[in-house]
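Everything below concerns the one structure shown next.
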Amino acid sequence: MVEDRVVDWFTYKGDVLQLVRRIAKHLLEAGVVDGVVSGVSKDGKVSLYIVRGAVEVDESPLDRVLLHGYRGLESAVRAVRERREERLAVLVKPCEARAMVELAKRRQVNLDSSFIIGFDCPGIRVNNTIELGIKEAVSAVPSDELLRDACRRCEVHALPHYDVCISLLASPEIILVGAKTGKGTRVVKFLKESGVLSDRSPQELLLMREEKLRLLSENGRKNLREEEEKLLSAPSNERFSWFMSQLDSCARCGACIKACPLCFCKDCILIKERKNYSPSLFLVTRMLHMADACVCCGKCDEVCPKNIPLSYMFYHLGRRFTSRYNYLAGVDFSNPPRAV
Amino acid sequence: MAGTMRLQYPATLRPIRVPCAGRVSADLIARLLWRGADGVIVVGCRAGECEYENGNIMATRHVEMVQDLLELMGIGAGRVVMVYCSSAEGRYFAEETMKISEKLRAIGPNPLKMRKADELGVESKQTPNDPPR
């Protein structure tokens with residue numbers, strides 16, 4: 001299904017937003033994609049907008065799209081998922097790329113007709129990214145207190161699958177650009193020939209990147225383990241009270257379903273037959289439907305009107321179940337445990 | 001077959017027939033617990049004997065997922081049990097279900113059903129498909 005090859009890494013020195021724009025323009029001009037999932041600014045927020053002409057790329061707030069997402073419940077992954085017949089380029093973080101891999105396993109997304117441009121992600125800060133530009137946001141490693149809740153327990157900071165990957169982890173000044181698939185390699189070759197990218201990345205930088213990624217994953221795993229230990233150390237009746245108080249406050253609004261990159265059911269039973277579910281059963285059912293595919297992107301936390309710690313509950317259940325099978329959602333193309 | 005052999009199995013056990021254990025999805029098990037069942041036993045065919053090839057395996061995975069959830073939530077993973085048994089094994093079914101029933105008595109009643117009825121929301125009210133209480 002997907003071509004796999006040893007990744008070629010090149011270096012880029014310059015403004016990373018300009019690089020992304022160059023790639024997007026080339027993809028449209030060369031006809032590699034029909035559109036680039038981007039946005040249009042409206043009242044200070046960004047709404048989903050698919051750019052189809054290279055001319056429009058320069059006005060596109062691609063940096064805001066990547067860092068802050070969209071207003072309301074729109075998301076880049078959902079845009080790709082809902083337009084399967086179109087070839088779209090999308091700018092994503094590792095969690096969203098993992099979601100696309102899980103969706104591809106369930107035949108909801110075609111990775112051959114999508115073009116994934118992604119970034120290594122050190123974790124997204126709560127609210128701070130408004131001031132930070134894309135360069136600062138994806139190069140510096142924030143401390144745990146500054147991170148979004150979901151990012152604190154994230155175990156995967158590099159894209160498991162992509163066409164073009166942009167990494168600022170090794171150095172914010174010498175940016176690494178890698179291509180994994182055939183179509184990604186062709187784009188990177190074009191950029192090299194046009195002089196946008198210079199020579200192959202020096203080995204030291206690649207090793208620094210690997211080391212940073214290793215530390216980020218270790219930190220995420222450590223936080224995940226600590227959270228689990230803390231949860232399970234409480235006596236069962238206390239856990240039960242806490243869980244039920246959180247789950248009972250669910251309004252059954254369905255915002256988390258719309259925001260979740262993995263919830264793809266067009267006729268979601270929770271939305272159609274809402275009255276048959278109590279608030280707690282609504283969330284428990286959603287958990288049992290998709291927790292094993294949860295990539296801890298945290299979009300559910302962001303949209304929940306009741307501020308329920310959804311990614312905490314979903315991801316812990318998901319990891320508890322998937323680690324029995326040595327499975328991690330979205331990092332390779334192995335079958336999910338419940339799809340034997 | 002336990003019935004035809006006139007063997008005793010728990011009077012509090014409510015059998016629900018499905019064409020294959022694979023039909024029993026995780027959210028179905030959760031719905032039973034939310035409706036007040038103290039425990040759920042999913043009985044599937046033994047390894048390699050599933051008429052639909054892998055229904056018993058899928059049932060096991062669903063049971064495991066619910067057990068993980070119940071453990072995290074403090075309701076008790078022991079409330080959901082997977083049993084491998086063919087429909088001809090009346091004695092084994094009777095013995096296993098008796099044993100599980102004993103264990104469930106030791107674990108205690110389902111905390112979900114101990115909550116006040118109004119806390120349970122719509123689950124405590126009749127839904128259109130329920131027989132009148």
Requested in this report: Select from the stretch A:228-259 the residues that are surrounded by 14 or more Cβ atoms within 10 Å (Cβ to Cβ) and basic (K, R) and write down the one among them that is nearest to the other protein chains (Cβ to nearest Cβ).
Outcome: A:R239
Requested in this report: Quick one: in the stretch B:51-69, of everything that is of a type in the set (A, V, I, L, M), more than 12 Å from the chain's Cα centre (by Cα) and buried (at least 21 other Cβ atoms within 10 Å of the Cβ), which residue is nearest to B:Y84 (Cα to Cα)?
Outcome: B:M58
**Report entry** Qualifying positions in the stretch A:290-311 - surrounded by 21 or more Cβ atoms within 10 Å (Cβ to Cβ), at negative phi and not β-branched (V, I, T)
**Finding:** A:A291, A:D292, A:A293, A:C294, A:C297, A:K299, A:C300, A:L310, A:S311
Report task. Give me a count of the residues in the stretch A:260-280 that are within 11 Å of chain B (Cβ to nearest Cβ) and under 25 Å from the mean Cα position of the chain (by Cα). Result -> 1
Query - Selection within the stretch A:281-302 - at the interface with chain B (Cβ under 7 Å from one of its Cβ atoms) and closer than 17 Å to A:A251 by Cβ - result: A:L281, A:V284, A:T285, A:M287
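Quick test for you: out of B:R17, B:R46, pick the one residue that is surrounded by fewer than 15 Cβ atoms within 10 Å (Cβ to Cβ), of a type in the set (K, R) and touching a Cys at 6+ places or on another chain (Cβ under 8 Å). Even if it seems obvious, please write down each step before you answer.
Numbers: B:R17 fails: touching a Cys at 6+ places or on another chain (Cβ under 8 Å).
Testing whether each residue is surrounded by fewer than 15 Cβ atoms within 10 Å (Cβ to Cβ), of a type in the set (K, R) and touching a Cys at 6+ places or on another chain (Cβ under 8 Å) leaves just B:R46.
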**Report entry** Number of the condition not met by A:E229 [criteria: (1) outside the structural domain of A:C297 (by TED's automatic domain parsing); (2) within 16 Å of A:S278 (Cα to Cα)]
**Finding:** (2)
Report summary line: Screening A:V57, A:V7, A:V40 for residues that are surrounded by fewer than 23 Cβ atoms within 10 Å (Cβ to Cβ), closer than 28 Å to A:L216 by Cα and over 18 Å from the mean Cα position of the chain (by Cα) leaves only A:V7
Query raised in the report: Given the structure, is A:V90 crowded, with 23+ Cβ neighbours inside 10 Å and assigned to a helix (DSSP H, G or I)?
Result: no
Report summary line: B:G74 passes all but one of the listed conditions (1) surrounded by fewer than 22 Cβ atoms within 10 Å (Cβ to Cβ); (2) within 20 Å of B:E96 (Cα to Cα); (3) facing chain A (nearest Cβ under 9 Å); the exception is number (2)
**Report entry** Residue under evaluation B:R91, criteria (1) within 14 Å of chain A (Cβ to nearest Cβ); (2) in contact with a Leu (Cβ under 8 Å, 6 or more places away or on another chain); (3) modelled with pLDDT under 95, criterion not met
**Finding:** (1)
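With the structure loaded, tell me whether B:S101 is away from chain A (no Cβ under 13 Å) and in a loop (DSSP other than H, G, I, E, B) or whether it fails that test.
no
Every residue in the stretch A:18-37 that is surrounded by fewer than 16 Cβ atoms within 10 Å (Cβ to Cβ) and touching a residue at least 24 places away in the same chain (Cβ under 8 Å), please.
Answer for the stretch A:18-37, where residues must be surrounded by fewer than 16 Cβ atoms within 10 Å (Cβ to Cβ) and touching a residue at least 24 places away in the same chain (Cβ under 8 Å): A:E29, A:A30.
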Query raised in the report: Could we say that A:S75 is touching a residue at least 12 places away in the same chain (Cβ under 8 Å) and touching a Ser or Thr at 6+ places or on another chain (Cβ under 8 Å) here?
Result: no
Report summary line: Condition set over 11 Å from the mean Cα position of the chain (by Cα) and part of a helix (DSSP H, G or I), scope the stretch B:22-50, selection farthest from the other protein chains (Cβ to nearest Cβ): answer is B:R23
Query raised in the report: Mind checking whether some residue in the stretch B:80-87 is within 13 Å of another protein chain (Cβ to nearest Cβ), farther than 30 Å from A:Y312 by Cβ and in contact with a Phe, Trp or Tyr (Cβ under 9 Å, 6 or more places away or on another chain)?
Result: no
Requested in this report: Determine which single condition B:Y84 fails, assuming it passes every other condition in (1) surrounded by 20 or more Cβ atoms within 10 Å (Cβ to Cβ); (2) modelled with pLDDT of 95 or more.
Outcome: (1)
**Report entry** Criterion (within 19 Å of A:L111 (Cβ to Cβ) and at pLDDT 90 or above) met by exactly one of A:L27, A:L48
**Finding:** A:L27
Query raised in the report: A:V2 passes all but one of (1) at pLDDT below 90; (2) in a strand (DSSP E or B); which number fails?
Result: (2)
**Report entry** The lone exception for A:V156 - which of (1) closer than 21 Å to A:Y12 by Cβ; (2) outside any helix (DSSP H, G or I); (3) among the aliphatic types (A, V, I, L, M) it fails
**Finding:** (1)
Requested in this report: Those residues that are out of contact with any helix residue (DSSP H, G or I) (no Cβ under 8 Å at 6 or more places or on another chain) and away from chain B (no Cβ under 13 Å), I need them from the stretch A:308-331; list them, please.
Outcome: A:N326
Query raised in the report: Scanning for something in a strand (DSSP E or B), touching a Ser or Thr at 6+ places or on another chain (Cβ under 8 Å), farther than 20 Å from A:E136 by Cα and hydrophobic (A, V, I, L, M, F, W, C), does the stretch A:184-204 turn up at least one residue?
Result: no
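The values are calculated or read from the model by the stated rules, or taken from the named source; none is laboratory data. Worth saying up front: this structure is predicted, and the values here are computed from it rather than measured. Please note: Cβ atoms are built from the backbone with ideal geometry, for glycine as well, and neighbour counts cover all protein chains shown.
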